[in-house]
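Working notes, structure below.
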Amino acid sequence: MEMMDSLKKVCLENNNIRDNGAIALSKALEDNDTLLSLHLESNEISSTGASALGEMLSNKFKLSKLNLNNNPIGDEGFTKIAEGLADIETLRIITLANTGVTKSSIPALS
């Protein structure tokens, strides 16, 4: 998917993509090295989809914004996302409202 390799912004809010969609999106964006912003608010993505996203995000070194609001990713899913973001120095904004993420998992970002 050559087009997916050059996208800079992906906005799929309120599309009910769920875990299967998050997994498919992760595969489609696997070779993209230009992604700056990913908005997946309100898509019913759980820790399963978050795990796939975390793996995909591990080489998105230009990413500056990630929006996962209103997805039940929980602490387990957030930990996977945080692992994927570990080496990304450009990340400036991550939004996690209403995701079931508790303060106990926040240290995963360090």
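Values quoted throughout were computed directly from the atomic coordinates according to the rules given, and no laboratory measurement underlies them. Everything numeric in this text was worked out from a predicted model, so none of it was measured. FYI the Cβ positions are ideal-geometry reconstructions off the backbone, even for glycines, and counts take in every protein chain you see.
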- [ ] Could you list, in sequence order, all residues of segment 55-74 that are of a type in the set (A, V, I, L, M) and farther than 18 Å from Lys103 by Cβ?
- [x] Met56, Leu57, Leu63, Leu66
- [ ] Would you mind finding the one in Asn59, Asn98, Asn69, Asn43 that is under 11 Å from the mean Cα position of the chain (by Cα), part of a loop (DSSP other than H, G, I, E, B) and polar (S, T, N, Q)?
- [x] Asn69
Task: Out of Ser64, Ser46, sole residue that is within 20 Å of Ser110 (Cβ to Cβ) and either crowded, with 16+ Cβ neighbours inside 10 Å or of a type in the set (Gly, Ala, Ser) (or both) - done: Ser64
Task: Filtered residues of segment 18-43 (kept if over 21 Å from Glu76 (Cβ atoms), surrounded by 19 or more Cβ atoms within 10 Å (Cβ to Cβ) and either touching an Asp or Glu at 6+ places or on another chain (Cβ under 9 Å) or among the acidic types (Asp, Glu) (or both)) - done: Leu29, Asn32
Task: Test: Gly77 is more than 17 Å from Asn98 (Cβ to Cβ), surrounded by 20 or more Cβ atoms within 10 Å (Cβ to Cβ) and in contact with a helix residue (DSSP H, G or I) (Cβ under 9 Å, 6 or more places away or on another chain) - done: no
Open item on the list: Condition first: assigned to a helix (DSSP H, G or I), of a type outside the set (Lys, Arg) and more than 21 Å from Leu109 (Cβ to Cβ). Now tell me which residues in segment 15-40 satisfy that.
Closed with: Asp19, Asn20, Gly21, Ile23, Ala24, Leu25, Ala28
